[in-house]
């Protein structure tokens, strides 16, 4: 996936954040299969969505980070927020 092209239409700060997230994901998960569904970029084990691990969804003003099954993770410091939702991937 050509990340420079993917993020080229975003404001510079948002594009930089999305780029930093994808670099972090690929550093810790170099074997990831990368998928694209509308504005969502998924990082998966294998080529199907059952193996989805992370999703970034860069928009013009923010970059949400999705963690597959994140709502079921322990969060004793209450650091995670947001609704549990399906990305449709």
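The values are calculated or read from the model by the stated rules, or taken from the named source; none is laboratory data. Note that the coordinates shown come from a computational prediction; the quantities given were computed from them, not determined experimentally. As a convention, Cβ positions derive from the backbone with ideal geometry for all residues, glycine included, and neighbour counts pool all protein chains shown.
Looking at segment 21-45, which of the residues that are touching a helix residue (DSSP H, G or I) at 6+ places or on another chain (Cβ under 9 Å) and either part of a loop (DSSP other than H, G, I, E, B) or touching a residue at least 60 places away in the same chain (Cβ under 8 Å) (or both) is nearest to residue 69 (Cα to Cα)?
45
Please go through segment 4-20 and give me each residue that is surrounded by fewer than 17 Cβ atoms within 10 Å (Cβ to Cβ) and either under 18 Å from residue 70 (Cβ atoms) or out of contact with any helix residue (DSSP H, G or I) (no Cβ under 9 Å at 6 or more places or on another chain) (or both), ordered by number.
Within segment 4-20, 5, 11, 12, 13, 16, 20 meet the criteria.
If you check 66, 42, which single one turns out to be touching a strand residue (DSSP E or B) at 6+ places or on another chain (Cβ under 8 Å), modelled with pLDDT of 90 or more, on the phi < 0 side of the Ramachandran plot and surrounded by 12 or more Cβ atoms within 10 Å (Cβ to Cβ)?
Among 66, 42, only 42 is touching a strand residue (DSSP E or B) at 6+ places or on another chain (Cβ under 8 Å), modelled with pLDDT of 90 or more, on the phi < 0 side of the Ramachandran plot and surrounded by 12 or more Cβ atoms within 10 Å (Cβ to Cβ).
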